[in-house]
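Below is one structure, written out as structure tokens; comments come after it.
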Amino acid sequence: MRLPLCVLPLLVVAGCGHSAHSHPVARPAEPRPVSIEVEVYDPYTNLVWENVSVRVVESYQEWSGCTCVSPWLDWFLTDASGRVFLDEYVLADAEVGFLEDGSGRAILDPYRDDDEAVVLLEIDAVGFVPVYVEVTLRWDQPDVLVEVPFF
């Protein structure tokens, strides 16, 4: 069977087209768990402070427009490296308004009005004046290390 010459160019052009399957499909961005690592140090000596207390006081949540105060007085002590890690479970348990996933982890959504929170921390030790630090968490930077001078 011979194809007319006018049909052949149509078949070639049809074969060169892009199908819907050749384009990458944009996946919706997923929520991300958030965490804060706090390092407490002496600004005069640059040495770190061990056994300094850190707690989550409150958090401003962009998604709700709410500043939620933690009903708990849970303190976490810095270790020998002068650090304490407040993971996504600790932040959720502080009950400061974070959205939570099915595992009970504090998360931020990627959407414009859901992607940021500001957490207020209190750093304290016996014989010292407490220090308060605001830590901004964003969906594109969900894990933050904050260094706090303490004297």
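Could you figure out which of (1) closer than 16 Å to Phe85 by Cα; (2) part of a loop (DSSP other than H, G, I, E, B) isn't true of Asp114?
Only one criterion is unmet by Asp114, namely (1).
Quick check on Leu10: is it modelled with pLDDT under 95, over 17 Å from the mean Cα position of the chain (by Cα), farther than 17 Å from Asp124 by Cβ and in a loop (DSSP other than H, G, I, E, B)?
no
Give me a count of the residues in the stretch 101-121 that are closer than 20 Å to Val146 by Cβ and either loosely packed, with under 13 Cβ neighbours inside 10 Å or of a type in the set (Ser, Thr, Tyr) (or both).
So the count comes out to 0.
So if I check each of Glu122, Glu100, Glu95, which one is more than 14 Å from the chain's Cα centre (by Cα) and closer than 22 Å to Gly65 by Cβ?
So the residue among Glu122, Glu100, Glu95 that is more than 14 Å from the chain's Cα centre (by Cα) and closer than 22 Å to Gly65 by Cβ is Glu95.
From the list Phe98, Phe76, which residue is surrounded by 15 or more Cβ atoms within 10 Å (Cβ to Cβ), touching a helix residue (DSSP H, G or I) at 6+ places or on another chain (Cβ under 9 Å) and without any contact (Cβ under 8 Å) to a residue 60 or more places away in the chain?
Phe76
Do you know which residues across the stretch 125-142 are outside any loop (DSSP other than H, G, I, E, B) and either surrounded by 18 or more Cβ atoms within 10 Å (Cβ to Cβ) or touching a helix residue (DSSP H, G or I) at 6+ places or on another chain (Cβ under 9 Å) (or both)?
Within the stretch 125-142, Val133, Val135, Leu137 meet the criteria.
Testing Gly104 on (1) in contact with a strand residue (DSSP E or B) (Cβ under 8 Å, 6 or more places away or on another chain); (2) at pLDDT 95 or above; (3) under 24 Å from Pro31 (Cβ atoms), one condition comes back false. Which one is that?
(1)
The values are calculated or read from the model by the stated rules, or taken from the named source; none is laboratory data. Source: prediction; values computed, not measured. Here the Cβ is made from the backbone with ideal geometry for all residues, glycine too, and neighbour counts use every protein chain on show.
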